[in-house]
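Below is one structure, written out as structure tokens; comments come after it.
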Ligand code: NAD
């Protein structure tokens with residue numbers, strides 16, 4: 001595996017390869033650090049209020065033009081963007097690794113997800129159709145049409161620095177909307193690179209209005225200006241529930257639409273009939289992968305008492321042996337660092353809290369701090385809990401897996417649902433009754449419910465999102481596109497009479 005002299009050099013070369021002008025990442029007051037080593041890799045300039053104003057004004061003008069471009073022609077832009085992403089996959093994937101700390105296959109996987117949603121959106125650009133509805137009145141026809149909505153604000157989290165933008169943007173573009181993107185302040189470089197790829201695709205396609213896609217670097221202040229702007233009819237915000245609590249009411253206050261994709265506290269149930277080899281692999285990926293920093297990471301595990309001891313011992317073996325470290329410096333690493341020191345401190349505090357509540361903690365200690373004193377690598381933690389209490393009810397964005405024994409399936413199911421969050425879930429069982437119950441109306445209360453796979457690693461074809469404190473938003477596949485459009489119901493009278501609905505009579509003259 002090749003390691004550049006310093007990550008800063010690597011970043012400079014990658015951004016250069018991707019075509020990002022040097023002045024966009026070499027000056028400015030925002031310091032960008034890589035969680036892989038903690039070193040400074042770039043400087044970027046935050047957007048000011050005037051930049052937000054300019055972006056929204058341009059987006060509004062772009063909207064008036066873009067909404068009249070036929071949807072399949074809008075799809076052409078997204079098709080070419082998909083091609084640019086294919087070409088840039090290795091470089092952009094590596095940049096994701098450096099900026100967000102993901103292992104290379106996950107960094108590239110994130111770019112693949114962008115490509116997949118582009119493909120999906122291209123097909124969608126010929127399928128933005130509504131219904132024809134039977135009218136109760138003679139010689140009348142009812143129909144619904146879907147029209148473009150307007151500029152879409154997209155606020156994203158650090159842990160999926162580029163994929164979340166693409167889930168929103170690919171749909172928004174084919175639906176006829178401009179996108180104004182406020183990426184996480186922790187991952188601005190990948191956003192700048194994606195914007196350049198977009199600009200290249202737009203130049204190739206031609207006649208794409210200026211301001212159709214903008215990136216505004218900055219922290220929550222920049223996001224708030226976007227959230228409060230009445231010219232932005234939809235804001236899709238991905239991040240913590242704390243962020244959603246601030247953003248949701250502000251959008252509601254001005255009757256704007258929101259897609260909120262917030263925190264999860266995802267669980268799996270392992271039943272007596274489960275294939276334990278398969279479950280072990282799935283649980284390990286879901287709980288340890290991305291160093292527990294996925295919204296869908298597995299955080300709670302309910303294991304039937306007949307298989308509990310065997311599975312916990314096997315999990316401990318995995319937790320004790322899995323390779324943690326700098327994925328660019330070592331082969332075979334399966335989990336990189338936490339995003340920063342704050343995340344590490346939160347993890348340690350939560351482990352102490354769990355211990356005080358009777359939890360038995362296995363793992364969780366810092367590793368490689370001698371090599372990387374400014375980076376935060378941790379061994380994932382397995383915590384056997386006596387009850388679902390304390391930190392088990394919250395999302396801690398770190399690799400902590402709480403484990404509990406159960407003997408009654410319905411009790412496990414009730415515990416599964418008894419948390420404020422409702423993002424993703426799964427069951428491991430070969431008993432069709434248990435599986436079907438878990439997926440049924442009286443089963444998992446999450447937006448995503450899987451069987452015999454873990455809760456993380458969704459495909460773009462399905463609608464993605466969750467219930468309760470996860471915010472209720474849906475992005476990506478299925479009919480999630482409808483959130484980015486305005487539905488118009490039209491009734492057409494092709495007769496000479498004027499019958500009124502519900503038999504109402506109103507005779508004049
Ligand atoms: P975060 O809440 O700290 O920040 C997310 C984004 O929101 C950032 O761009 C931030 O600048 C912005 N922001 C914060 N406060 C804001 C405000 N008041 N107004 C406008 N913008 C504001 O989250 P994070 O640490 O970057 O990401 C981790 C969190 O994101 C976890 O809780 C995770 O579960 C969640 N997440 C959810 C999904 C999902 O689809 N449900 C996907 C990825 C991440």
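Summary table
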quantity	calculated
Any chance residue 208 is over 18 Å from the mean Cα position of the chain (by Cα), buried (at least 19 other Cβ atoms within 10 Å of the Cβ) and in the same structural domain as residue 169 (by TED's automatic domain parsing)	yes
Condition met for residue 92 (farther than 30 Å from residue 335 by Cβ and touching a helix residue (DSSP H, G or I) at 6+ places or on another chain (Cβ under 9 Å))	no
Residue match in the stretch 279-295 (condition: farther than 15 Å from residue 399 by Cβ and crowded, with 22+ Cβ neighbours inside 10 Å)	yes
Long-range neighbours under 7 Å by Cβ, at least six apart or interchain, first residue in the same structural domain as residue 73 (by TED's automatic domain parsing) within the stretch 177-190, second near the ligand (Cβ under 8 Å from one of its atoms) and outside any loop (DSSP other than H, G, I, E, B)	180/226; 182/155; 182/222; 182/223; 182/226
The stretch 284-310 residues that are on the phi > 0 side of the Ramachandran plot, paired with ones that are part of a strand (DSSP E or B) and within 14 Å of the ligand (Cβ to nearest atom) (beta carbon under 6 Å, 6 or more apart)	291/338
Candidate set from the stretch 222-243 (those that are assigned to a helix (DSSP H, G or I) and more than 8 Å from the ligand (Cβ to nearest atom)); member that is surrounded by the fewest Cβ atoms within 10 Å (Cβ to Cβ)	228
Residue within the stretch 405-422 that is touching a residue at least 60 places away in the same chain (Cβ under 8 Å), in the same structural domain as residue 307 (by TED's automatic domain parsing), farther than 27 Å from residue 237 by Cα and out of contact with any helix residue (DSSP H, G or I) (no Cβ under 8 Å at 6 or more places or on another chain) present	yes
Any hit, the stretch 429-444, residues being closer than 20 Å to residue 337 by Cα and under 25 Å from the mean Cα position of the chain (by Cα)	no
Test: residue in the stretch 174-181 that is in a helix (DSSP H, G or I), more than 10 Å from the ligand (Cβ to nearest atom) and either within 28 Å of residue 461 (Cα to Cα) or modelled with pLDDT of 95 or more (or both)	yes
Where a residue in the stretch 203-221 is at pLDDT 95 or above and its partner, wherever it lies, is in a loop (DSSP other than H, G, I, E, B), with Cβ under 6 Å and at least six apart	212/178; 216/47; 217/46; 217/47; 218/46; 218/47; 219/185
Residue count for the stretch 481-509, restricted to those that are outside any loop (DSSP other than H, G, I, E, B) and out of contact with any helix residue (DSSP H, G or I) (no Cβ under 7 Å at 6 or more places or on another chain)	14
Residue check, residue 319 under 15 Å from residue 381 (Cβ atoms) and either away from the ligand (no atom under 16 Å from the Cβ) or not assigned by TED's automatic domain parsing to the domain that holds residue 110 (or both)	yes
Candidates 244, 292 - the one that is assigned by TED's automatic domain parsing to the domain that holds residue 382 and touching a strand residue (DSSP E or B) at 6+ places or on another chain (Cβ under 8 Å)	292
Residue list for the stretch 247-272, restricted to those being touching a strand residue (DSSP E or B) at 6+ places or on another chain (Cβ under 9 Å), outside any helix (DSSP H, G or I) and surrounded by fewer than 21 Cβ atoms within 10 Å (Cβ to Cβ)	256, 257, 272
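The values are calculated or read from the model by the stated rules, or taken from the named source; none is laboratory data. Keep in mind the model is a prediction, meaning the values are calculated, not measured. Heads up, the Cβs are rebuilt from the backbone with ideal geometry, glycines too, and the neighbour counts pull from every protein chain shown.
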